[in-house]
Structure formats: structure tokens, C-alpha cells
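The values are calculated or read from the model by the stated rules, or taken from the named source; none is laboratory data. Keep in mind that this is a model prediction, so the values were computed, not measured. Don't worry about glycine lacking a Cβ; one is built from the backbone with ideal geometry, like all the others, and counts go over all protein chains shown. Heavy atoms of the whole protein, side chains included, go into the accessibility calculation; ligands, DNA and RNA do not. Shrake-Rupley method; radii C 1.70, N 1.55, O 1.52, S 1.80 Å.
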Amino acid sequence: MHTLPIAPLTAEAFAPFGTVVPAPETAGRHYHDDGLATLRPAARPSLSVALIEAAATLPLVCTKMERHPYSSQTFIPMAPARYLVLVAPQNVAGDGPAMDRAAAFVAEGLTGITYRANVWHHPMTVLSAPARFAITMWLDGTTGDEEFVDIDPLTITT
């Protein structure tokens, strides 16, 4: 079984996979539109909210990854949260995530993230619960909205 250490989330380290959406530290509106994208003109914007009641503990064995081939996906905590961000680039053969190049981060507080379209990521896993998130993406109701694959077990450690 492969192990991967978890690192603090930084904008620089996460840049190959998307953007970090920091909580504002000054008054006024702060825009983070650059990371939002849809690759399908007919897709509609989607806003959902999720409550996750169970917290995972580290070390954590991961066996599944997902991606949204045509849409970015943003998670914004609605209250301070601590959550896992596990990402991997596309395999060169195009048949799934390249887990040998995966990266694991811990996001904390009110920091959100936007996954780029087609970035493989682990389903939302919170390390402190309960946690609530606002989630945005684009959907057109087809199977292209999301894809899940099983991966060889990967252990995330501190």
C-alpha cells in the first residue's frame, strides 16, 4: 500500500490543480472568478449545500477518486472546517488519475478551494465534523457531469 503525507494547503502548492479561495481579511467584496470554468456551453450553474456529519481520522485509506471532466468545482466552508484535499493529475494513458503524482493537503478554517475542470480529487472528506459547505459547479445532466474510479489503496498520513 502506498502512503502519502498530508501538507498544509497553500496557493502555490495547489496551483497545478486549481485555486485556493481564502476567507476575506478586509471589508468589501473579493472576487475569485478566475478558477471558475465550464467546457460545455449548454451546462447550467449549480449551487448546492452539504452537511457532513462524520469526521475521518488519519491515517486514512483512500480507494476512490472523482473528477468533473467539463466543470470546475468549488467548496466553500460555511463555518470553520478542517478537510482533506487529495488531488492527482490525469494519467498519461488517459485512463484515470496518476496516483504516483498525487498530493494531499489539509484545508482549515474558512479557506475554500476550486478544483479545475478534469482534475481528479478524492470525495469531500472532513477531518472535523460537523462541516457545512456551499458547492458550485456546472451541470448538464449527462454522464459527463462526474466520473468516479476505484484506485489502489492509498494511505494518507500526517
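Looking at this structure, is S46 crowded, with 19+ Cβ neighbours inside 10 Å and either free of Cβ contacts under 8 Å to residues at least 12 places away in the same chain or over 23 Å from T157 (Cα atoms) (or both)? Can you show your working first?
Numbers: crowded, with 19+ Cβ neighbours inside 10 Å: no; either free of Cβ contacts under 8 Å to residues at least 12 places away in the same chain or over 23 Å from T157 (Cα atoms) (or both): yes.
No: the conditions fail for S46.
Would you be able to say whether some residue in segment 69-77 is within 25 Å of A131 (Cβ to Cβ) and surrounded by fewer than 12 Cβ atoms within 10 Å (Cβ to Cβ)? So that I can check it myself, show each step before the final result.
Going residue by residue through segment 69-77, those that are within 25 Å of A131 (Cβ to Cβ) are 71-77.
Subsequent filtering for residues that are surrounded by fewer than 12 Cβ atoms within 10 Å (Cβ to Cβ) retains none.
No: zero hits.
Would you confirm whether or not segment 79-88 contains a residue that is over 15 Å from G18 (Cβ atoms) and among the aliphatic types (A, V, I, L, M)? Can you show your working first?
Taking segment 79-88 as the starting set, the residues that turn out to be over 15 Å from G18 (Cβ atoms) are 79-82.
Adding the requirement that they be among the aliphatic types (A, V, I, L, M) leaves 79, 81.
Within segment 79-88, one or more residues are over 15 Å from G18 (Cβ atoms) and among the aliphatic types (A, V, I, L, M).
Given the criteria open to solvent by less than 40 Å² (accessible area, probe 1.4 Å) and at negative phi, does L110 qualify? Working first, answer last.
On the way: open to solvent by less than 40 Å² (accessible area, probe 1.4 Å): no; at negative phi: yes.
It is false that L110 is open to solvent by less than 40 Å² (accessible area, probe 1.4 Å) and at negative phi.
Conditions tested, residue by residue: (1) in contact with a Lys or Arg (Cβ under 7 Å, 6 or more places away or on another chain); (2) modelled with pLDDT under 95; (3) of a type in the set (D, E, K, R).
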position: A7; (1), (2), (3): no, no, no
position: A13; (1), (2), (3): no, no, no
position: V49; (1), (2), (3): yes, no, no
position: T63; (1), (2), (3): no, no, no
position: S71; (1), (2), (3): no, no, no
position: T74; (1), (2), (3): no, no, no
position: A93; (1), (2), (3): no, yes, no
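I'd like the full set of residues that are part of a strand (DSSP E or B) and among the small types (G, A, S), limited to segment 43-86. Show your work before the answer.
Quick first cut of segment 43-86, residues part of a strand (DSSP E or B) only: 44-52, 60-67, 71, 73-77, 81-86.
The answer is S46, S48, A50, S71, A81.
Rundown of residues vs (1) among the β-branched types (V, I, T); (2) open to solvent by 60 Å² or more (accessible area, probe 1.4 Å), yes/no style:
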{"position": "H2", "(1), (2)": "no, yes"}
{"position": "T10", "(1), (2)": "yes, no"}
{"position": "F14", "(1), (2)": "no, no"}
{"position": "G18", "(1), (2)": "no, no"}
{"position": "A27", "(1), (2)": "no, yes"}
{"position": "Y31", "(1), (2)": "no, yes"}
{"position": "L51", "(1), (2)": "no, yes"}
{"position": "R67", "(1), (2)": "no, no"}
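Could you check segment 87-158 for strands (runs of 3 or more DSSP E) lying wholly inside it with 3 or more residues that are of a type outside the set (V, I, T)? Working first, answer last.
Details: elements: 103-109, 112-115, 131-139, 147-157.
By residue number, 103-109, 131-139, 147-157.
Which of the following residues is farther than 21 Å from T142 by Cα and either of a type outside the set (D, E) or in contact with a Phe, Trp or Tyr (Cβ under 9 Å, 6 or more places away or on another chain) (or both): V119, V87?
On the way: V119 fails: farther than 21 Å from T142 by Cα.
So the residue among V119, V87 that is farther than 21 Å from T142 by Cα and either of a type outside the set (D, E) or in contact with a Phe, Trp or Tyr (Cβ under 9 Å, 6 or more places away or on another chain) (or both) is V87.
Tell me which of these V20 doesn't satisfy, since it passes every other one: (1) within 15 Å of the chain's Cα centre (by Cα); (2) farther than 17 Å from M124 by Cα; (3) modelled with pLDDT of 95 or more.
(2)
Just one of A81, A98, A88 is free of Cβ contacts under 8 Å to residues at least 40 places away in the same chain and buried (at least 22 other Cβ atoms within 10 Å of the Cβ); which is it?
When all the criteria are applied, what remains is A88.
Which residues, taken from segment 11-37, are free of Cβ contacts under 8 Å to residues at least 24 places away in the same chain and either in a loop (DSSP other than H, G, I, E, B) or out of contact with any strand residue (DSSP E or B) (no Cβ under 8 Å at 6 or more places or on another chain) (or both)? If you could, list the steps in order and put the result at the bottom.
Step one: list which residues in segment 11-37 are free of Cβ contacts under 8 Å to residues at least 24 places away in the same chain, which gives 11-12, 15, 24-31, 33-34.
Across segment 11-37, the qualifying residues are E12, A15, P24, E25, T26, A27, G28, R29, H30, Y31, D33.
Among the candidates V149, V85, V106, which residue alone is closer than 21 Å to S48 by Cβ and touching a strand residue (DSSP E or B) at 6+ places or on another chain (Cβ under 9 Å)?
Numbers: V149 fails: closer than 21 Å to S48 by Cβ; V106 fails: closer than 21 Å to S48 by Cβ.
Checking each option against the conditions leaves just V85.
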